[in-house]
1. Percent relative contact order of chain B, based on C-alpha pairs within less than 8 angstrom and at least six residues apart?
2. When only C-alpha pairs under 8 Å and at least 6 residues apart count, what is the relative contact order of region B:200-250, in percent?
3. How much length is gained if the chain between B:ALA761 and B:ALA472 is pulled fully straight, taking 0.36 nm per residue apart and subtracting their Cα-Cα distance, in nm to one decimal?
4. Per residue of B:1003-1013, how many C-beta atoms from partner chains lie within 10 Å of its own C-beta, taken as a mean?
5. What pairs from A:LYS132/B:LYS964; B:LYS37/B:LYS154; B:LYS308/B:LYS388 go past 28 Å between their alpha carbons?
6. Sort B:CYS399, B:CYS714 by Cβ crowding within 10 Å, fewest neighbours at the top.
7. Under 9 Å from the Cβ of B:ASN757, count the other residues' Cβ atoms, weight Lys and Arg +1, Asp and Glu -1, and hand me the total.
8. Where a ≥ b ≥ c are the square roots of the eigenvalues of the C-alpha gyration tensor, would you call region B:900-1025 rounded, which needs a/c under 1.5, or, failing that, prolate if a/b is larger than b/c, or oblate?
Amino acid sequence: MSGGTLLENANPLIFQRSGERPVTLEEEDENFADPIDDREVFDILAVLPTDQVMTPNVLVYAVYPRDAYHTTLHLIRSINDPEHPLSLEELNVVEEMRVHVNDQASTVGVEFTPTIPHCSMATLIGLSIKVKLLRSLPDRFKIDVHITPGTHTAEEAVNKQLADKERVAAALENSHLLEVVNHCLNTKSA
Amino acid sequence: MATDGEVLLGLVEEFVSGQQDSKAAAAARGVKTGQFKILELVEALGLSLTSSQPQTRARGVQLLSEVLRECDSGLSEKEVEVLVAFYENRLKDHYVILPHVLQGIKALTKTPLWPPGLAVSVLRSLFRDIHVQSLMLVERSCVYSILINLMEYKEEELKGLGADFVFGFVQAMDSERDPRNLLLAFQIARNILLRGYELGKFTEELFEVTSGYFPLDFTPPPNNPHGITQEDLIVALRGVLSGTARFAEFLLPLIIEKLDSDVQKAKLDCLQTLEACVSVYSYRELKAFLSGLWASLRREVFQTASEKIEAAGLSALSALSACLSRSVLDSQGDDVLHVFLDLVVQDCQHHLCEPDLKLVWPSAKLLQAAASASYRASHRITSAVLPKLMEQYISETQCAHRRTLLEVLQGFVQPIQSSVPLEGADENVFSAFRESLCNVVFSALSESNSGLQVAACRVLASLCQQPGLLLASDVELAVSHLTRLVLEDGEPQVSMAVLECSRALSFLHTSTFAAIMVPRLKGEIFTEPMAQDDGPSPKALRERCMTALAAVSNQPGVIRESAPVLLEVLASSHTGTGSFAADDALAACRSLQRIVQQAPDVEDTGRFFHDIIIPRLLGLALQAGLWRGVSPPRESPLAEEPVLQALVPVMGMACARLQPQLSAVTAARVVSLFLDGDVSFLLEDGLPSGLQLLRVQHSWSLSQLTCLLMACVCSVPQSVELPQLERLMAELEELSCTSTYPFCYTAASKCFAGLVNKRPAGEALDLLLDRVMGRICSELDHASSSVRLQAFTLLLWVTKALLIRYHPRASVLTDKMFSLLTDRELGPLVADGFSVLMSDPVDVLTRAGHADVRIMYRQRFFTENSAKLVQGFNSAEKEMKPGYLKALSHIVNNLPRQVQLSELPALLPLLLEALSCPDQAVQLSTLSCLHPVLMESLPASTLCLQLEGLVSHLLGLTSSPTMKVRIASLRCLNAVSHFPEHEVIPFRDRVLRALAPPLDDKKRLVRKEAVATRGEWFLLGSPGR
């Protein structure tokens, strides 16, 4: 949160957004029940901004242009523009394939991937994801958030913290921490 | 005279010694009215002007200056001479006098009557005796105004001063900081440059003193009292800097240096200034800086983060290239343009060929910008780049990269002025590459990748717009490729691109389309489908063909070929030959409508509509109606309501777009067909004549044709006189009041209303309205009448017809409508009727159909009637209230946003009431009215008082059985969370609790809104929001 940590990963790889989920005919049909699925939970998380935790504020013009120029340009611009921080999806912190939802059993499992193995913000990212899900999913769901195996040096410790209800609750009592988490959950500016 | 003199002396005395400022105005009035002369004033002032007290002298000069300011026009040359000489002398006087002296000179410079030589001498004294920069703001402004005025009237004399004038000015404006004065100073500097004052050895000084402000940075004070923006100053300064080529040697290095700045605005200013400069420069000035400028421009475009800077950089490059294109070849024979462009090509080209296509877009844009400047530039760059691009395309294997290359290619072949030679002698710059370009495009069109196909379509459209580039054979090949793609069942974006391209091409190559694509599509439409198991469904294929037919029909040549195909589809679906169903007939109608809409307004197409389309459609519909009536009835899709409804816009549009004499003929024919059964102009065989179509009420299949009558007679211009109008209207009235088929009486009512709308105001119309209203009212007042519904429908449409033309009777009819809101039988229908009154109908009473529609009739209706509605609501019985709410929500929902925002707060209690109305349509339309108001949150103060009710109602609706209501109420709740925090925070816990169930809604779209809204309410009042 201080200036020093912001530069931890000054030049991340940026991934294309998967775009809006198209609305199907079934979704518009009153009588059809749509189950909560992986994509839906992924979409809740994908848009979360990351500027407080890891957006670089320096970036050279070396981002690999993808398929179409304009997408890339948009991405590059969004880096330089503090009003449009990168999202968790764009940094590949969350991916649809790492979100597992079972509507019937009421369970949600999310694996997230810190941008670099020694990312000091991993706990904070995990906490933000967890809080977002707690606020966005029905009570009946059991929510499990952990780091993608093998992608972080302190994986176990972080996972343990995130799984501990008491510690999550205690963390959210800390107004400074809550401020940072809330900032990550504020999608208005994104 | 003596008294005048005494009066004057009195005034002077009171002003100078008595310190009464108002006396200056009195003196000025005296001079203006001729009571005293200005020189008499000077005499009267005598003692004060020669006093030994500077204060007294100042007071004296002040009086004189103020009088002069008021009466600068009435002076004689002699007076001016004396006064100027006096003031010039005073310039050396005590500093307290100086401000008034300058004011006086400024006042005098407004008259051109200065004797020769005086201006020069005043200026010399001014520059010699006064240190402008130590003056106050107002006095500095005075000096600038004096200069501006003198430059206006005494240009020749000032030029006689030579470079001294420039030097004096430079000294005067040095280190000026006030934005108002700077604007004046920049104006003077620009005049110096543009009007050819001698700069002498002070060129650099003038540049230094002005360029010190570049790039200009100015933030106006918060309320910006003088209204001067940074942009004003930038433009003024740019006018100076780009005013002369003699600044080039100083300015260009400065621009190159300042482009390094980190401030985005400064960069932008530099680039725009560069663009402005090079338009006056020639090669001579640019020579030394070309490589430096290019390096900076390239860097800016390659590395920029802002589209503005990129655009500015590109247009600066384009201007640079245009400037070099103007230069004459020098004696060594080196073409400077070529030298520069080679530099550009050399730096950019390799990016186009890099395997990973990094930087391909910025490079391409730079090259295109340079090429766009002139024919020569375009030629040079095209011949260097195009072969490489195409080579790269051919050798590239990845589809994504090939598509990027095609998109780059399209940028190059886009039709712009410079690719066309000025004289006829040179050929199009792309001519040399015609064959290979065509090969690339056609091979891409044959690929299976949709991205490639889309890109190729765009390139093809661009190529075709290059005049004189493609050969007839190329166009033919292109058209067959497009035809093939139409027939293929491609992805939606490919189909769209293909249609887009076909549309563009058919404008230019009408005959090729008429000869190749139309017959081919026709063949496909009429081919009997093979076995059902393989290939796309024949229905979808036919629909694609018909859409494509409509898309390419934008010129008479194609329309004459394509419209008959569609008519034939209708005819064979009517007769049952071929395997056409009602869907195909509908598709044909849609395509015909499209054609009629986009047809050019020329005699030829009007004649075609008149001769072929209108009679044919009427004939088919009539025959279909007759077939239904015989026994055993013969089925035809054209007798079905949806198809007839689809025919209405075709007929309406076709009639509305006819030339006046043709539309008169058509209208007369149609009227005689419906009144007297005159079938002579119809092309179908075996139609009985003498059939009175408006009187065959037993046969609904014939009387529903009234909708076609409506389409025709309600779309002709108001100037066209319809024959037998009285009889027609009487029969329509009869039909609308007696028919028992909803489709028939609605069409008859609409038709009647359409005619009422166009009838000129006057006695005839009033009588007609009296008669109709009498009939309507008598039917409506009889609770037992069987045709109350019919009478109401007629009332509704006539009201609409009068309402939109501001007819005074409209209010009577509207009141009738309001009174019907409490009708037990008709109430709900009446409430819905208000949506007809407030919305724009598509088939009748349209502006396109030449109806008399006044602007803002909705606002007018709302202002006139909202009070009645509220009053009616308050006095109505409980079970009648929903009707009022429904009417209100229809009215409000159709109002323009701005009116809604200003009017809604007053209606809020009623709208909240409407939220609790059980009708879901009312809930939905009320929520959609509320949402923008809540988003605006401007009238928050009024809303806040109602917040409790609002939140409760909204929360209640989140469990509505209708999905759309749930979504809309969640959106409104989301908007409420952005209200002032202290107002909404008391509701936070309650809302969060209530929003938990919607998170588990069975519909995903509802959950999505619930997640967003709940998230916002969670953030409310917690840190980090």
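Read-outs: derived from the displayed coordinates by stated rules, not from any lab. Quick caveat: nothing in here was measured; it's all calculated off a predicted structure. Cβ coordinates were reconstructed from backbone atoms using ideal geometry, including for glycine residues, and neighbour counts include every protein chain displayed.
1. About 4 percent, as a whole number.
2. With pairs under 8 Å counted, the relative contact order is 46 percent.
3. Using 0.36 nm per residue and subtracting the Cα-Cα distance, I get 98.3 nm.
4. Counting other chains' Cβ atoms within 10 Å and averaging over B:1003-1013 gives 5.
5. B:LYS308/B:LYS388
6. B:CYS399, B:CYS714
7. Spelling it out: positives minus negatives among the neighbours equals +3.
8. It is oblate, given that a/c is not under 1.5 and a/b is not larger than b/c.
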